[in-house]
Amino acid sequence: GAVVSQHPSRVICKSGTSVKIECRSLDFQATTMFWYRQFPKKSLMLMATSNEGSKATYEQGVEKDKFLINHASLTLSTLTVTSAHPEDSSFYICSASLGRRVTEAFFGQGTRLTVV
Amino acid sequence: SQQGEEDPQALSIQEGENATMNCSYKTSINNLQWYRQNSGRGLVHLILIRSNEREKHSGRLRVTLDTSKKSSSLLITASRAADTASYFCATESYNTDKLIFGTGTRLQVFP
């Protein structure tokens with residue numbers, strides 16, 4: 001299957017700083033990427049849909065100014081957690097699909113963010 | 001929330017036994033997918049069943065879909081310790097690009 005690489009896999013940052021997480025599709029062009037957040041032993045909650053060349057679509061309740069998403073190319077989307085707080089600590093996962101309809105999604109390995 | 005629900009939340013079995021997980025969802029769907037997640041890792045796609053399909057097989061996996069009841073089940077036959085993971089169903093609805101995940105089932109297979 002297609003490969004999606006997410007970097008970094010783990011990051012620890014201080015409160016008030018910003019953290020950028022990258023999601024790359026390595027062997028295909030991803031028109032659409034998705035960002036999820038997962039709390040311990042919980043399911044994935046969709047945060048936003050990232051479309052190449054246009055603004056991301058955020059789910060209800062997700063602060064777009066806090067979670068900045070940029071999808072500047074067909075192989076890269078980034079999620080920046082701005083002015084991070086301890087409550088932002090979580091597991092963030094991206095996925096990419098081959099077209100604008102999801103069908104089978106390919107997931108990155110996830111990023112464990114810890115804000116201290 | 002549109003999130004689906006899975007049961008059981010947790011399941012512990014011995015190697016060789018079968019494991020059945022159930023998923024219920026709320027809206028009409030285009031397809032339903034099952035994913036596996038090892039602890040602290042990303043998700044791996046297992047199987048996709050379309051809304052006009054009732055049953056699908058892939059190796060030791062068997063998935064059923066009942067759109068009238070808005071439910072699906074995943075059966076893993078002859079389980080192995082390596083099957084230990086969390087399993088999630090996810091639905092894709094018509095007119096949306098999004099996958100909505102269920103609450104997940106944590107499966108523990110003892111050797």
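The values are calculated or read from the model by the stated rules, or taken from the named source; none is laboratory data. Please read these numbers as outputs of a predicted model, since none were measured by experiment. Backbone-built Cβ (ideal geometry, glycine too); neighbour counts: all protein chains shown. Protein only, heavy atoms only, side chains kept; ligands, DNA and RNA dropped before computing areas. Shrake-Rupley method; radii C 1.70, N 1.55, O 1.52, S 1.80 Å.
Okay, here's what the table says:
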{"quantity": "Estimated buried accessible area (total), pair A and B, 1.4 Å, Å² to nearest 100", "calculated": "1800"}
{"quantity": "Span from the the stretch A:14-29 Cα centroid across to the the stretch B:47-111 one, whole angstrom", "calculated": "29"}
{"quantity": "Surrounding net charge for A:SER73, when Lys and Arg each add one and Asp and Glu each subtract one, Cβ distance under 12 Å", "calculated": "-1"}
{"quantity": "Cβ-based net charge around B:LEU32, under 9 Å, with every Lys or Arg adding one and every Asp or Glu removing one", "calculated": "0"}
{"quantity": "Computed P(r) (all Cα pairs; the stretch A:21-64; 10 Å bins; percent)", "calculated": "24, 49, 24, 2"}
{"quantity": "Fully extended contour minus Cα-Cα distance, from A:GLN29 to A:SER54, at 0.36 nm per residue", "calculated": "7.5 nm"}
{"quantity": "Cα-based reach from A:LYS14 at 16 Å (exclusive), listing lysines while leaving out same-chain residues under 8 positions away", "calculated": "A:LYS66"}
{"quantity": "Kirkwood-type radius of chain A, with distances r between different C-alpha atoms, in Å", "calculated": "14.0"}
{"quantity": "When the protein assembly as shown is reduced to its Cα atoms, the Kirkwood hydrodynamic radius in Å", "calculated": "18.0"}
{"quantity": "Charge dipole (chain A, unit charges on Cβ, about Cα centre) - positive-most of A:SER15, A:ALA48, A:GLY61", "calculated": "A:SER15"}
{"quantity": "Test item: Cα-centred dipole of the protein assembly as shown, Lys/Arg +1 and Asp/Glu -1 on Cβ, debye", "calculated": "140"}
{"quantity": "Cα-based equivalent ellipsoid, chain B: semi-axes from gyration tensor eigenvalues, Å", "calculated": "23, 14, 12"}
{"quantity": "Qualifying trypsin sites (Lys or Arg not before Pro) for the stretch A:48-116 [loop in DSSP, other Cβ within 10 Å: at most 15]", "calculated": "A:LYS55, A:LYS64, A:LYS66, A:ARG100, A:ARG101"}
{"quantity": "Debye equation applied to the C-alpha atoms of the stretch B:1-56, log10 I(q)/I(0) at 0.12, 0.15, 0.19 Å⁻¹", "calculated": "-0.37, -0.59, -0.93"}
{"quantity": "Rough spin-label spacing in nm, given labels placed 7 Å along Cα→Cβ, for A:SER18 and B:THR27", "calculated": "3.2"}
{"quantity": "Isolated Cys in the protein assembly as shown, by beta carbon distance under 4.7 Å", "calculated": "A:CYS13"}
{"quantity": "Anchor B:LYS70: lysines whose Cα lies under 30 Å away (excluding residues fewer than 8 positions away in-chain)", "calculated": "A:LYS41, A:LYS42, B:LYS26, B:LYS56, B:LYS98"}
